[in-house]
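Enquirer: Shown below is the structure under consideration.
Nothing in this text is a laboratory measurement; each read-out follows from the coordinates by a stated rule. Just so it is clear, the model here is predicted, and its values are computed rather than measured. No Cβ is skipped: glycine too gets one built from the backbone with ideal geometry, and neighbour counts run over all protein chains shown.
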Amino acid sequence: MNTVGELIEHLRAFDPASSVRLAINPDFPFSHSIGDITALDENGRQTVFIAENGHQEHLPVPAAQALGWLPLTESPVRTRRTPLRVAEEDN
């Protein structure tokens, strides 16, 4: 995504009332709120900058997986190391 138009097009797939956060740093993923938005003229072209406004919390694992930052995993299968002992009845 390289343009404002591409960003807008991607965002149209979501509910306009949805919260928006920035996902930052794949190695230590956090969720950040969006801060100010500004634009500058760079070499005759306008470039838009979206600032972050501080981190909110760790990025939820499903979000990091959907972004390809964490592998999709399944819960490990637990196996018993020793057989379950059945209590003997008193005679």
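Enquirer: Over the Cα atoms, compute the radius of gyration (one decimal) and Dmax (the largest Cα-Cα distance, rounded to a whole number) for region 21-71, in Å.
Expert: Answer for region 21-71, Rg first and Dmax second: 13.9, 41 Å.
Enquirer: Something else: Which label marks the calculated value of P(r) over Cα pairs in 10 Å bins from 0, in percent, given the options (i) 12, 27, 27, 12, 7, 7, 5, 3, 1, 0; (ii) 16, 31, 21, 16, 12, 5, 0; (iii) 15, 44, 30, 10, 2?
Expert: Working out P(r) over Cα pairs in 10 Å bins from 0, in percent from the coordinates points to (i).
Enquirer: Would you pull out the residues with amide H under 5 Å of GLU52's amide H, same chain only if 5 or more places away, H placed 1.01 Å from N?
Expert: Here GLY35 satisfy the definition.
Enquirer: What distance in nm separates the two pseudo spin-label positions at PHE14 and GLN46, each 7 Å out from Cα along the beta-carbon direction?
Expert: 2.3 nm
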